[in-house]
1. Looking at region 89-100, which of its residues are farther than 19 Å from residue 19 by Cα and crowded, with 16+ Cβ neighbours inside 10 Å?
2. If I ask for residues that are surrounded by fewer than 16 Cβ atoms within 10 Å (Cβ to Cβ), touching a helix residue (DSSP H, G or I) at 6+ places or on another chain (Cβ under 6 Å) and at pLDDT below 90, which ones from region 19-61 would you list?
3. So, in region 71-88, how many residues would count as being more than 20 Å from residue 20 (Cβ to Cβ) and in a helix (DSSP H, G or I)?
Amino acid sequence: MTLLELFAMRRWISIVHHLPGRIRLRINPKAVTKLEKQSPNKLIGYLKTMPGIKAVRVNAVVGSAIIEYDAKHIFPDQWNRLFTGSDDEAKAIIRQSFTP
């Protein structure tokens, strides 16, 4: 799993609920087929290595993920822009906040 692969999947991910420090994401079934090629533990491990990510829990049955993060490192509004902003904006956020 790479940042580019995560970036490519963003169009299939939406925010269900968000409080500063905790976000619940819904993962479209189209993304799940791509994720099946990756080990879920590998994906979770990869996400946990990103700066500001404290914990990741995935529920594959319902297609959701909960990410606990440091709101001082990853600002809450960045999540919305990551998933709904332009490609250039999302790439900038990934470089700024999610690159180790």
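1. Initial filter on region 89-100 (farther than 19 Å from residue 19 by Cα): 89-92, 94-96, 99-100.
Across region 89-100, the qualifying residues are 90, 94.
2. Answer for region 19-61, where residues must be surrounded by fewer than 16 Cβ atoms within 10 Å (Cβ to Cβ), touching a helix residue (DSSP H, G or I) at 6+ places or on another chain (Cβ under 6 Å) and at pLDDT below 90: 28, 30.
3. Quick first cut of region 71-88, residues more than 20 Å from residue 20 (Cβ to Cβ) only: 86-88.
Keeping just the survivors that are in a helix (DSSP H, G or I) gives 87-88.
The number of residues fulfilling the criteria is 2.
The values are calculated or read from the model by the stated rules, or taken from the named source; none is laboratory data. Bear in mind the structure is a predicted one, so any value in this text is a computation, not a measurement. For neighbour counting, all protein chains shown are included, and Cβ atoms are generated from backbone atoms with ideal geometry for every residue, glycine included.
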